[in-house]
Structure formats: structure tokens, C-alpha cells
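Just below is one structure, and these are the notes that go with it.
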Amino acid sequence: MPITRSITREYIGKPIRCKAAICRKSGEPLVIEEIEVDPPKSWEVRIKILYTSLCHSDLTFWKLDPSAPPAAFPRILGHEAVGVVESVGEHVEEVKEGELVVPVFLPNCGECKDCESTKSNTCSKFGSKLFFGMPRDGTSRFRDMNGEVVHHLLCVSSFSEYTVVDVTHLVKIAQDFPLDKACLLSCGVSTGVGAAWKVADVEKGTTVAIFGLGAVGLAVALGAKQRGVSMIIGIDLNENKFEIGKQFGVTHFVNSTTCKEKSVSEVIKDMTNGGADYCFECIGLASLMEEAFNSSREGWGKTVIIGVEMHGSPLTLNPRTMLRGRTITGSLFGGIKPKSDLPLLAQKYLDKELNLDGFITQEVDFKDINKAFDYMVQGKSIRCIIRMDH
């Protein structure tokens with residue numbers, strides 16, 4: 001049964017009842033419940049979600065210890081999605097009812113010093129606070145049928161048939177874009193491709209080492225391949241990732257558990273005759289960030305940190321190793337400015353210059369959303385697409 005993009009004007013300005021997959025307890029299966037979604041306030045947009053997908057960050061928030069600062073229960077997870085605008089609040093001019101949009105976790109107001117700069121993709125107006133509600137007033141737009149507040153995740157919360165998103169977290173895309181591919185632009189794939197193209201700016205004929213071949217790492221490989229990189233080394237504990245990685249451009253593979261007496265960085269230096277030109281850490285472990293840095297070439301080696309370190313571990317580097325020109329930098333959302341860069345990535349897909357199809361390994365109906373978690377926990381998924389049951 002095809003997904004319908006049609007909307008009804010019946011609930012404009014009123015709360016709307018719909019189904020949502022609620023995370024009520026850490027690590028427990030999501031519960032499909034009926035909720036009430038408020039109408040959008042000023043600068044907000046209510047969206048009918050058409051497709052969403054499960055990112056590893058959702059898994060991280062799902063498993064959080066309830067006492068950890070980022071934890072909030074009950075909560076609606078999900079931040080990779082595509083939907084159609086159902087209604088808009090006051091002052092919203094860039095999108096209108098019926099248009100196809102992609103919500104993103106990273107704000108892009110377009111007015112602050114950072115948004116206007118080409119040096120950053122952060123937004124100083126809204127910052128990087130971990131909101132449990134909407135970014136302007138901190139309140140939630142969700143309530144369950146008992147009247148209890150249900151918290152947001154990363155200003156998106158796409159595991160719901162309808163959600164409310166601030167206009168700064170919303171990007172309009174081509175109306176003919178394939179729906180099941182569109183949600184891939186919201187986070188992981190754009191993060192990896194952007195890290196290769198915008199943050200590292202990899203060049204033809206260079207060497208790249210990627211630590212972690214999940215969706216983000218594979219996207220880095222895809223971006224590097226399209227730039228003509230000569231050697232793309234994937235580092236992972238799962239041997240099966242090499243065959244998968246080949247589809248995205250990985251040319252060589254290192255399993256850190258089989259390096260014997262050598263460290264991974266020593267193996268990579270041997271393979272690249274001195275170190276990789278560009279290294280990417282896509283897991284979020286401080287020890288792996290250090291190993292990635294040590295795998296880079298003296299003189300000009302650049303290490304890009306993409307993974308989010310959630311354990312509070314410090315990154316320790318020997319200052320002497322930096323004196324000969326190695327650099328290390330962080331990367332949030334691959335340096336992508338959502339409102340200007342995502343439409344360009346979408347167009348590259350339509351022009352057959354960016355292959356998104358290979359990232360989709362499964363598709364499930366919304367009622368079976370917990371299967372998506374099972375696939376990811378079992379290591380069987382790159383991206384599982386969740387089809388809403390409208």
C-alpha cells in the first residue's frame with residue numbers, strides 16, 4: 001500500500017491525535033500508543049512523518065541510564081525522517097502546507113554569526129543544548145492519553161505519525177525525491193559524506209583510514225571514493241564489514257583483533273608507507289581517536305573526529321607528535337549546513353552522483369519498529385527504513 005502525501009486541514013490550529021512509538025524505560029521495547037500532538041506555535045511546523053530510519057544515536061539514547069543527564073523518559077526517539085508539512089505557526093515563511101521536508105537535529109537559523117560564516121555549521125543563536133522539548137521555550141508538544149508530557153529527542157522525535165519541529169531544524173527538498181531515501185539525509189549519511197568532502201576535503205590519489213564501518217564510516221568511504229582517493233582502509237572488529245565496505249569504496253581492511261604484535265597505527269603506517277593522509281574516527285571512543293591520530297602521516301596527516309564520546313574519557317595525545325604538522329579536528333554533522341547543503345546532496349542523488357540505495361538494508365512497518373532495534377543490536381543493519389502506517 002503506497003504512502004500518501006496528502007494532508008487534511010481538519011486539525012489546523014488544533015491538537016491532533018496519532019500513534020507514536022514511546023520509549024518509557026531504558027532498553028525496553030518501544031510501545032505504540034495514541035498521543036496528542038499540539039499545533040505549532042510561532043516559528044514551528046507540524047509535520048506528517050512519511051518515512052523515518054533508525055540511527056545509532058537513537059540506540060544510544062534508548063539505552064541511557066535513567067540517571068544520566070541526557071536521559072528523559074517517557075520520550076519519542078527518532079531524528080532521521082522525511083515528512084510533509086501539515087500546518088505552520090506564525091512567522092513561518094520558508095515552507096508551506098503540503099511541501100516535502102527533512103527535519104534535522106542541527107539548527108540553522110541563517111542569521112547568526114556562525115550560520116553566516118563559511119567556517120562553521122554551528123548555530124550560536126540556538127547553540128548545542130540538549131533540548132527535551134522545543135528549542136525556543138523548552139516545552140513539549142506531546143502528551144499521552146493520561147495527559148503526561150512525553151519528551152522530545154534532538155528537536156525532531158520522528159517515531160510518531162506527527163511531530164512538531166522548529167523551522168530552524170527543517171529543510172525543504174525536491175518534491176519528487178524518493179521518500180525512502182530522503183530520511184537518510186537527516187543524519188548519518190550526510191555526516192559521513194560531509195566529513196570527507198567538507199571537513200577533510202579529501203583529494204584524488206590520497207589515502208584514507210576509516211575507524212568504524214557503520215553507516216557513517218561507510219558514508220565517509222563513499223565520499224572518498226567519489227573524490228578519487230586511491231586507498232580506503234576500513235578498520236572494524238567485524239570481518240563481514242569488508243565485503244559490505246567494498247560496495248562503498250573500501251579497498252583494504254584491518255581487523256584490530258588480528259594485528260598480533262603490532263598496533264593498528266603501525267599496520268596502517270606499513271600499508272601507506274608512513275601513515276594515511278586522512279583518518280576518520282566514527283565510533284566515539286577516546287582510545288580509538290588516539291589510534292586514528294597516530295595512524296596519520298607526519299607532515300600533513302589530518303584526523304577527523306566524528307564519533308561522539310559518551311563515556312567522559314579524555315583524549316590524550318603526545319604534543320611532540322603534532323609538531324611535524326599533523327592536525328586533528330572535530331566534525332558535527334560532517335560540517336553540513338542543513339538548509340544550503342542538504343538540497344545539494346539531494347540533487348546529487350537525483351543526478352546519480354551520490355548513491356544512497358546501498359545504505360538501506362531493511363524496511364519495516366511502523367508497528368514493527370522494534371525489529372529495527374533488533375537488527376541494529378545484532379549488527380545486521382546499516383539503515384533500517386521505517387514506513388509509517390498512515
Looking at (1) in contact (Cβ under 8 Å) with a residue 40 or more places away in the chain; (2) surrounded by fewer than 21 Cβ atoms within 10 Å (Cβ to Cβ); (3) over 19 Å from MET134 (Cα atoms); (4) small (Gly, Ala, Ser), find the lone condition where SER67 falls short. (1)
Mind telling me which of the residues ALA81, ALA71 ends up being within 19 Å of ALA20 (Cα to Cα), in contact with a helix residue (DSSP H, G or I) (Cβ under 8 Å, 6 or more places away or on another chain), at pLDDT below 95 and small (Gly, Ala, Ser)? ALA71
Identity of the residue in region 116-143, under 29 Å from LEU54 (Cβ atoms) and not in a loop (DSSP other than H, G, I, E, B), that ends up farthest from the chain's Cα centre (by Cα): ARG143
Selection from region 348-380 of residues open to solvent by less than 40 Å² (accessible area, probe 1.4 Å) and either assigned to a helix (DSSP H, G or I) or farther than 18 Å from SER190 by Cβ (or both) yields TYR349, GLY358, PHE359, GLN362, VAL364, PHE366, ILE369, ALA372, PHE373, MET376
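For ALA81, are the conditions met, namely being crowded, with 18+ Cβ neighbours inside 10 Å, in a loop (DSSP other than H, G, I, E, B) and in contact with a strand residue (DSSP E or B) (Cβ under 8 Å, 6 or more places away or on another chain)?
On the way: crowded, with 18+ Cβ neighbours inside 10 Å: yes; in a loop (DSSP other than H, G, I, E, B): no; in contact with a strand residue (DSSP E or B) (Cβ under 8 Å, 6 or more places away or on another chain): yes.
Spelling it out, it is not the case that ALA81 is crowded, with 18+ Cβ neighbours inside 10 Å, in a loop (DSSP other than H, G, I, E, B) and in contact with a strand residue (DSSP E or B) (Cβ under 8 Å, 6 or more places away or on another chain).
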Pair list, Cβ under 9 Å, 6 or more apart: region 365-385 residue without any contact (Cβ under 8 Å) to a residue 12 or more places away in the chain, other residue open to solvent by less than 40 Å² (accessible area, probe 1.4 Å) and basic (Lys, Arg): none
Pick out the one residue from LYS204, LYS241 that is of a type in the set (Lys, Arg), without any contact (Cβ under 8 Å) to a residue 60 or more places away in the chain and not in a helix (DSSP H, G or I). LYS204
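Looking at ASN273, ASN294, ASN240 in this structure, which one is within 14 Å of VAL208 (Cα to Cα), of a type outside the set (Gly, Ala, Ser) and open to solvent by 70 Å² or more (accessible area, probe 1.4 Å)?
Details: ASN294 fails: open to solvent by 70 Å² or more (accessible area, probe 1.4 Å); ASN240 fails: within 14 Å of VAL208 (Cα to Cα).
Among ASN273, ASN294, ASN240, only ASN273 is within 14 Å of VAL208 (Cα to Cα), of a type outside the set (Gly, Ala, Ser) and open to solvent by 70 Å² or more (accessible area, probe 1.4 Å).
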Taking region 15-34, which residues are open to solvent by 70 Å² or more (accessible area, probe 1.4 Å), more than 16 Å from SER157 (Cβ to Cβ) and of a type outside the set (Lys, Arg)? GLU28, PRO29
Scan (1) over 17 Å from PRO40 (Cβ atoms); (2) not in a loop (DSSP other than H, G, I, E, B) for the single condition GLY147 breaks and write down its number. (2)
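The values are calculated or read from the model by the stated rules, or taken from the named source; none is laboratory data. All values reported here derive from a predicted model rather than from experimental measurement. As a convention, Cβ positions derive from the backbone with ideal geometry for all residues, glycine included, and neighbour counts pool all protein chains shown. We work out accessible area using only protein heavy atoms, side chains counted, and drop any ligands, DNA or RNA first. Shrake-Rupley method; radii C 1.70, N 1.55, O 1.52, S 1.80 Å.
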